[in-house]
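Take a look at the structure set out below.
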Amino acid sequence: MSSNVYEDAWSTVVKSSTMYSEGCRRGLEAKIPNYSIERVLVVGVGGSGIVGDIVASMFDGYEVLVHKSFDVPAYIGSETLVLAVSYSGETAETLRAVSQTLSRGISVVGISTGGRLAKLLGWERLIAVSSGLEPRFAVPEMTGVAYGLLCKIFGVDPTNFLEAVRELEQYLRSVGVEDFRIVEKLVDRIAVCISHTHLRPAGLRLKAQLNENAKHPAYYVEMPEACHNEIEGWTDLSKFFYILHRSGFEDVVVKEAFDWVVEHLGGRGGEYFEIVVDASSKVAELLKQIAYADLLSVSLARRKGVNPFSLTTIPLLRPRLRKHRPKFSQQGD
Ligand code: PA5
């Protein structure tokens, strides 16, 4: 594998601060109807679906819900705006959810490069993002757009977000390959990514990035729920590498649980690593942990000699799902 793919993947992640801020500017400037709504339901799956998790975490106190499925919930109506995120605009689940939303007369806006989503919605209801990336590498731009749009809808000042993005930029200047030596322990083990509350999206992102970029088995576990089931199954620790997303803003209960996990694993020879970043806000902490997750997945891909940009198994399934996309009878699709 040419080392260029790893350098390209690494430098794309390093550009994420610019992608967040540029995306936010575009979201704020988007010419969309002046919706009067109480709730935003973000639909989308995979790399696009994580955008919903990230903005929902950042818009704590607002009704921003995430729905990763082929439909929309029965309880939503005209008080809800559906925000459909699909980088390709070709994803069966998202297109079906949008089609159902439209047929129920519910407002919908999309974030995409185009595809069938643009046909379904029309470009006037779509905020276009830069093309030419793998969806998961476009997450910072799509998140920025979604964040800007939500600021506009709920009347929120984006200043704190943009400050967090500047903090991310400095952080990204300071990290190097030496910060990812843990790949040596991770390479032969199944990753278990454990996170909580505002860092939930960082754990989900790490799991998905290890899966897709590094072709690595990885699972997501949420605190404090894991304390009531998951840990009972920790009988053979030797197969696993536990990655703990620690926070400077941990609630006492979460801190207690994490501290116990560290003692428990440490006392039994379990391999674990705590991701800790300095941050002045929860939003900055989340952005930095996501960037760390991205770079860790690229580092593991390099260690394993696999291409972080290409997918091998997901494309085997896609044609089966795509048969179920909504039909466009006029265009003969
Ligand atoms: O990162 C990826 O390539 C995938 O997880 C895709 O995001 C997923 O298959 C959905 O595609 P899209 O983001 O184009 O809707």
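The values are calculated or read from the model by the stated rules, or taken from the named source; none is laboratory data. All figures in this text were calculated on a predicted structure; none of them were measured in a lab. With ideal geometry, Cβ positions are generated from the backbone for all residues, glycine too; neighbour counts draw on all protein chains shown. The accessibility values were calculated without ligands, DNA or RNA, using every heavy atom of the protein model including side chains. Shrake-Rupley method; radii C 1.70, N 1.55, O 1.52, S 1.80 Å.
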| From the cross-link list 185/207; 31/323; 68/327; 15/304, which pairs have alpha carbons spaced over 28 Å apart? | 31/323
| Using modelled amide H (1.01 Å from N, peptide plane; none on Pro or chain starts), what sits under 5 Å from the amide H of residue 242, excluding residues fewer than 5 places away? | 192, 271, 272, 273
| said: Taking θ = phi - 60°, what integer Hz values does the Karplus form 6.51 cos²θ - 1.76 cosθ + 1.60 yield along segment 143-156, in sequence order, with x for Gly and Pro? | reply: 5, x, 4, 4, 5, x, 5, 5, 4, 5, 5, 9, x, 9
| query | Where is the GNM fluctuation largest for the chain (alpha-carbon springs, 10 angstrom cutoff): 22, 167, 256? | reply | 256
| message | For segment 204-260 and segment 288-326, what is the centre-to-centre distance using only Cα atoms, to the nearest Å? | response | 20 Å
| task | Specify which residue in the list 6, 46, 70 is farthest towards the positive end of the charge dipole of the chain, using unit charges on the beta carbon of Lys, Arg (+1) and Asp, Glu (-1), about the Cα centre. | result | 70
| Global geometry of segment 231-302, whether rounded, prolate or oblate, following the gyration tensor of its Cα atoms and the 1.5 cut on a/c | oblate
| Can you give the extra length, in nm with one decimal, that the chain gains between residue 173 and residue 35 once fully stretched, where that is 0.36 nm per residue apart less the Cα-Cα distance? | 45.8 nm
| field | Derived scalar couplings ³J(HN,Hα) [segment 245-258; Karplus, 6.51 cos²θ - 1.76 cosθ + 1.60; whole Hz; x for Gly, Pro] | value | 8, 8, 10, x, 10, 5, 5, 4, 5, 5, 4, 4, 5, 5
| query | For segment 76-81, in order, what is each residue's ³J(HN,Hα) by Karplus, 6.51 cos²θ - 1.76 cosθ + 1.60 with θ = phi - 60°, in whole Hz (x at glycine and Pro)? | reply | 7, x, 5, 7, 10, 9
| query | For the chain, what does -39500 (n - 2.57) per DSSP helix run (n ≥ 4), summed and divided by total residues, give at 222 nm, in deg cm²/dmol to the nearest 500? | reply | -15000 deg cm²/dmol
| Surface share of carbon and sulfur [accessible, 1.4 angstrom probe, percent] for segment 65-193 | 47 percent
| Using modelled amide H (1.01 Å from N, peptide plane; none on Pro or chain starts), what sits under 5 Å from the amide H of residue 220, excluding residues fewer than 5 places away? | 193
| Could you name the aspartates and glutamates in cross-link range of residue 288, using Cα to Cα under 17 Å and dropping any fewer than eight places away on the same chain? | 53, 141, 163, 167, 169, 178, 179, 250, 274, 278
| For segment 271-333: accessible area per residue (Å², 1.4 Å) | 54 Å²
| remark: Helix 92-103: inclination vs the chain longest Cα principal axis, degrees, rounded to 10, gives 40 degrees
| task | Would you please give the FRET efficiency between residue 264 and residue 102, computed as 1/(1 + (r/R0)^6) with r the Cβ-Cβ distance and R0 = 45 Å, to the nearest 0.05? | result | 0.35
| request: Report, by chain and number, residues whose modeled amide H sits under 5 Å from the one on residue 111, excluding near sequence neighbours (fewer than 5 apart, same chain). | output: 84, 85, 86, 127
